[in-house]
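Asks: This is the structure I have questions about; it appears just below.
The values are calculated or read from the model by the stated rules, or taken from the named source; none is laboratory data. Model, not experiment: these values are computed from the prediction. Using ideal geometry, Cβ is built from the backbone for each residue, glycine included, and neighbour counts are taken over all protein chains shown. In case anyone asks, the SASA skips ligands and DNA or RNA and just uses the protein heavy atoms, side chains included. Shrake-Rupley method; radii C 1.70, N 1.55, O 1.52, S 1.80 Å.
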Amino acid sequence: MAKRQLLMLGIRASFHTLAAVLVAGVIFTAVFLSRNGMRKETPQSIGVSNVEEGEGSDREFNGTKLLERLRNKRMVYVGDSLNRGQWVSMVCMASSVITNPRMMYFHSNSSNLITFKSLEYNATIDFYWAPLMVESNSDDPTNHRLPERIVRIQSIEKHARHWTESDIIVLNSYLWWLRPHMKTLWGSFEKLNGIYKEVEMVRVYEMALQTMSQWLEVHVNSNLTKLFFMSMSPTHERAEEWRGKTKQNCYGETSLIEKKGYHGKGSDPKMMRVVENVLDELKRRGLNIQMINITQLSEYRKDGHPSIYRKQWEPLKESQVLDPSSYSDCIHWCLPGVPDVWNQLLYAYIVEDHHST
């Protein structure tokens, strides 16, 4: 309790509801880690093709070393709630080595941006909400659950101007695209003369990533900024995929999927290829974005989701808790847990200053 109270002293801002919930989660996890020690998650070698064996993928995480590497720098996670969970994980692990809570703070100005800062190192780790990367009608960080998603496929400046000049940028965009078609807008949300068109999802996804790559090519100095793209995070919403009971999901799962190379239907290989092609083309033009492949190693972790025990957003009603087959969250991840492994892989690149070719 004393540790919790000390940590609270380090929070120096009034938060938007979502940010407050996230910070509460950070504090709880930091207290948990300080009492119980960091739980080691050893990533399986399958699917970790972008981190060579023996090049840091099996090292323990060192928060002091990370903060030293981030001294006087800014690292920002950009994307959806999966990337936000990874941000929370990184903040927990990095802040666990800060003994004086007055030497760190969290801040949100009721916008898409949430900031953690270590004052001793002048190191900033931010999260920026942009679930579809380009501008969309889902850009509000709390009021974004709309029945119809619309993207301005050629517009990214609204978001990118907030993170382009960072020293490290960690991008992701996948979960919010999972629908057959996406309504696409050529024009402005504020004007009535825009052109709307339903476009097949994978094609729209490719167009959005191309808009992102074109922006980065023009606005990012590759000598100063390291770029990373997290591959898609798998879901475990259909237990029959791993020979479980039909109409069940991740609820109650306590063990890993043991089938080598398991691939669930929640992961779309066509989208993975789109990402690879766009990043390869950008690399040929002189700007390298390192994709960190977390998909396969996460596929095995059907036991790693919060299911009905999630703590973010509004709590489940009693009737929903009693119906886990309908209301379990099998998309996001528990902390400590799988996102810690993602960050250990990212940590290897940052601390070792390593880029595979």
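Asks: Which order do the peptides 207-216, 189-198, 75-84, 228-237 take when ranked by the mean count of other beta-carbon atoms within 10 Å per residue, highest first? Provide the component values of the computation, followed by the final result.
Replies: Values: 207-216: 20.0, 189-198: 9.2, 75-84: 24.8, 228-237: 23.2.
Final packing ranking: 75-84, 228-237, 207-216, 189-198.
Asks: Something else: Treat the range 118-215 as a sphere of radius equal to its Kirkwood radius over Cα pairs and apply Stokes-Einstein at 10 °C in a medium of 1.306 mPa s; give the translational diffusion coefficient in µm²/s, rounded to a whole number.
Replies: Estimated diffusion coefficient is 109 µm²/s.
Asks: May I pose another question? HN-Hα J couplings of the range 255-272 from phi, Karplus 6.51/-1.76/1.60, θ = phi - 60°, integer Hz, Gly and Pro as x?
Replies: Values, residue by residue: 9, 7, 6, 9, 5, 4, x, 4, 9, x, 6, x, 10, 9, x, 5, 5, 4 Hz.
Asks: What part of the accessible area of the range 211-279, given as a whole %, is carbon or sulfur when the probe is 1.4 angstrom?
Replies: Working: 1800 of 3960 Å².
For the range 211-279, the apolar C and S fraction of the accessible surface comes to 45 percent.
Asks: Give me the percent of the accessible area of the range 71-170 that comes from carbon and sulfur atoms, probe 1.4 Å, all protein chains in place.
Replies: About 42 percent, which is the carbon plus sulfur part of the accessible surface.
Asks: For the range 316-321, what does the Karplus curve 6.51 cos²θ - 1.76 cosθ + 1.60, with θ = phi - 60°, yield as ³J(HN,Hα) per residue in whole Hz, taken in order and with x for Gly and Pro?
Replies: Here the 3J(HN,Hα) series is 5, 6, 4, 5, 6, 4 Hz.
Asks: While we're on this one: Check residue 171: other-chain or 5+ apart residues with amide H under 5 Å from its amide H, H built from backbone geometry?
Replies: Here 78, 228, 229, 230 satisfy the definition.
Asks: Spin-label point model (7 Å from Cα, Cβ direction): what's the residue 326 to residue 119 distance in nm?
Replies: 5.0
Asks: Roughly how many Å² is the accessible area per residue of the range 71-163, as a whole number, for a 1.4 Å probe?
Replies: I get 34 Å² per residue for this part.
Asks: Cα to Cα, under 17 Å, and not fewer than 8 places away if on the same chain: which lysines meet these conditions relative to residue 183?
Replies: Here the lysines satisfying the reach criterion relative to residue 183 are 191, 197.
Asks: Would you mind checking which residues have amide H under 5 Å from residue 305's amide H? H placed 1.01 Å from N; only 5 or more apart, or other chain.
Replies: 334
Asks: Net charge around residue 270, counting only other residues with Cβ within less than 15 Å of its Cβ (Lys, Arg = +1; Asp, Glu = -1)?
Replies: Taking every other residue near residue 270 into account, the sum is 0.
Asks: Here's a follow-up. Once you've got the Cα coordinates, tell me which of 247/302; 226/302; 73/117; 65/117 are over 20 Å apart.
Replies: In this structure, 226/302 lie more than 20 Å apart at Cα.
Asks: Find how much the distance from residue 179 to residue 276 grows on full extension, using 0.36 nm per residue of separation minus their present alpha carbon separation; answer in nm with one decimal.
Replies: That works out to 32.9 nm of additional length.
Asks: For the range 186-196, take each phi angle, set θ = phi - 60°, evaluate the Karplus expression 6.51 cos²θ - 1.76 cosθ + 1.60, and give the result in whole Hz per residue in order, putting x for glycine and proline.
Replies: Result, rounded to whole Hz: 9, x, 10, 5, 7, 10, 8, 9, x, 9, 9.
Asks: Right, here's the next one. Along the Cα→Cβ direction, 7 angstrom out, place labels at residue 224 and residue 255. What is the inter-label distance in nm?
Replies: My value for the distance between the label points is 5.3 nm.
Asks: Moving on. Of 125, 98, 169, whose Cα points farthest to the positive end of the dipole of the range 96-170 (charges on the beta-carbon: +1 Lys, Arg; -1 Asp, Glu; origin at the Cα centre)?
Replies: Checked the options; the winner is 98.
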